[in-house]
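As structure tokens, the structure follows; a few thoughts come after it.
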Amino acid sequence: MKVLDDEKDKLLEHEYDGIRELDNHMPVWWLWLFYFTIAFGIGYALYYEVFEWGPDQHEEYEMEMAAAAEKYKFNEQQSAEEASFTWTYSEQAEVIEKGKEIFMGMNNLCFTCHGSAGEGLVGPNLTDDKWLHGCSAEEVATSITEGFPDKGMVAYGSGAPMPNEDVNALISYIGSLKGTNPPNAKAVDETRAKPCSIQ
Ligand code: HEC
């Protein structure tokens, strides 16, 4: 084995299958990285575990939930108000128009499953007199706010919640579709649907 002159005194005694080792120093960048991980580890342990300055995962969860409640204007008091909301099929043109915008919008995706004219596609026809889950304003609102996750419709169509006024606009739009007889109407599922006519 060829050993350079200036390497001779670095050569270690041991040898494995002809492989010998030089007693080189660790590269400086490597050592600093190593010291940094130690310092970071100590700092991390002190910050989160010893002094508990930083939030743990449960606290982070609470903070995120609070932020979401703020963002989506959702809190317990409001839930109580929402529970007593009176659902009605509005016949006001601007309410129906707003409902149509939501129905056709990318936030809630109703049209993708119920068709652009409510004629039905993956989801049932919303223009006829046969309903799976009832057609009272309250029942339709519940269909929207809770969805049918096991059938493919998540709450609010896409999981993106909306204020009760908007849900009410949406049901008003659906109410306005009654008897419109759109082309390509999806056939009624006679095994499940029951007669029901939106008043
Ligand atoms: C991913 C597809 C999908 C999307 C998006 C979707 N739905 Fe549905 N929807 C369905 C399916 C499927 C059903 C039928 C559930 C069943 O078989 O019980 C349904 C049922 C309904 C019903 C009850 C119909 C009845 O006959 O009782 C209403 C009302 C309704 N959807 C409204 C909406 C509205 C409004 C939106 C948008 C906010 C929406 N859906 C978005 C798939 C969807």
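So which of 198, 96, 102 is in contact (Cβ under 8 Å) with a residue 12 or more places away in the chain and more than 11 Å from the ligand (Cβ to nearest atom)? I'd like the intermediate steps shown before the answer.
Numbers: 198 fails: more than 11 Å from the ligand (Cβ to nearest atom); 102 fails: more than 11 Å from the ligand (Cβ to nearest atom).
Exactly one residue qualifies, and that residue is 96.
Return the only residue of 117, 141 being hydrophobic (A, V, I, L, M, F, W, C) and not in a loop (DSSP other than H, G, I, E, B). Please lay out each step first, then the result.
Values: 117 fails: not in a loop (DSSP other than H, G, I, E, B).
Checking each option against the conditions leaves just 141.
For the range 120-135, which positions are within 9 Å of the ligand (Cβ to nearest atom) and either in a helix (DSSP H, G or I) or β-branched (Val, Ile, Thr) (or both)?
Within the range 120-135, just 122 meets the criteria.
Check residue 165 against each of (1) touching a helix residue (DSSP H, G or I) at 6+ places or on another chain (Cβ under 6 Å); (2) more than 8 Å from the ligand (Cβ to nearest atom); (3) not aliphatic (A, V, I, L, M) and name the one condition it does not meet.
Every listed condition holds for residue 165 apart from (1).
Could you give me the residue pairs with C-beta distances under 9 Å whose first residue belongs to the range 54-74 and is over 20 Å from residue 156 (Cβ atoms), whose second residue is of a type in the set (A, V, I, L, M, F, W, C) wherever it lies, and which are 6+ apart or on separate chains?
Pairs found: 55/63.
Determine whether the range 32-41 contains at least one residue that is closer than 30 Å to residue 65 by Cα, out of contact with any Asp or Glu (no Cβ under 7 Å at 6 or more places or on another chain) and part of a helix (DSSP H, G or I).
Keep residues of the range 32-41 that are closer than 30 Å to residue 65 by Cα, which gives 40-41.
Next, from what is left, pick out any that are out of contact with any Asp or Glu (no Cβ under 7 Å at 6 or more places or on another chain): 40-41.
Cutting the leftovers down to part of a helix (DSSP H, G or I) gives us 40-41.
Yes - at least one qualifying residue is present in the range 32-41.
Tell me which residues, restricted to the range 144-186, are assigned to a loop (DSSP other than H, G, I, E, B) and either in contact (Cβ under 8 Å) with a residue 60 or more places away in the chain or among the acidic types (Asp, Glu) (or both).
Filtering the range 144-186 for residues assigned to a loop (DSSP other than H, G, I, E, B) gives 147, 152, 155-156, 158-163, 177-186.
Across the range 144-186, the qualifying residues are 161, 162, 163, 177, 180, 182, 183, 184, 185, 186.
How do the pairs read when you match residues in the range 2-29 that are in contact (Cβ under 8 Å) with a residue 12 or more places away in the chain with residues anywhere that are surrounded by 10 or more Cβ atoms within 10 Å (Cβ to Cβ) and β-branched (Val, Ile, Thr), using Cβ under 7 Å and keeping only pairs 6 or more apart or on different chains?
Partner pairs satisfying both residue conditions: 11/3.
From the list 89, 173, which residue is under 21 Å from residue 193 (Cβ atoms), more than 10 Å from the ligand (Cβ to nearest atom) and surrounded by 14 or more Cβ atoms within 10 Å (Cβ to Cβ)? Outline the logic, then answer.
Details: 173 fails: more than 10 Å from the ligand (Cβ to nearest atom).
Answer to the selection: 89.
Yes or no, residue by residue, for (1) more than 26 Å from the chain's Cα centre (by Cα); (2) open to solvent by 50 Å² or more (accessible area, probe 1.4 Å); (3) modelled with pLDDT of 95 or more; (4) near the ligand (Cβ under 8 Å from one of its atoms):
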residue	(1), (2), (3), (4)
137	yes, no, yes, no
141	no, no, yes, no
169	no, no, yes, no
179	yes, yes, no, no
185	yes, yes, yes, no
190	yes, yes, no, no
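The values are calculated or read from the model by the stated rules, or taken from the named source; none is laboratory data. This is a predicted model, so every value here is computed, not measured. Reconstructed Cβ throughout: ideal geometry from the backbone, glycine too, with neighbour counts over all protein chains shown. Please note that ligands, DNA and RNA were not included when accessible areas were found on the heavy atoms of the full protein model with its side chains. Shrake-Rupley method; radii C 1.70, N 1.55, O 1.52, S 1.80 Å.
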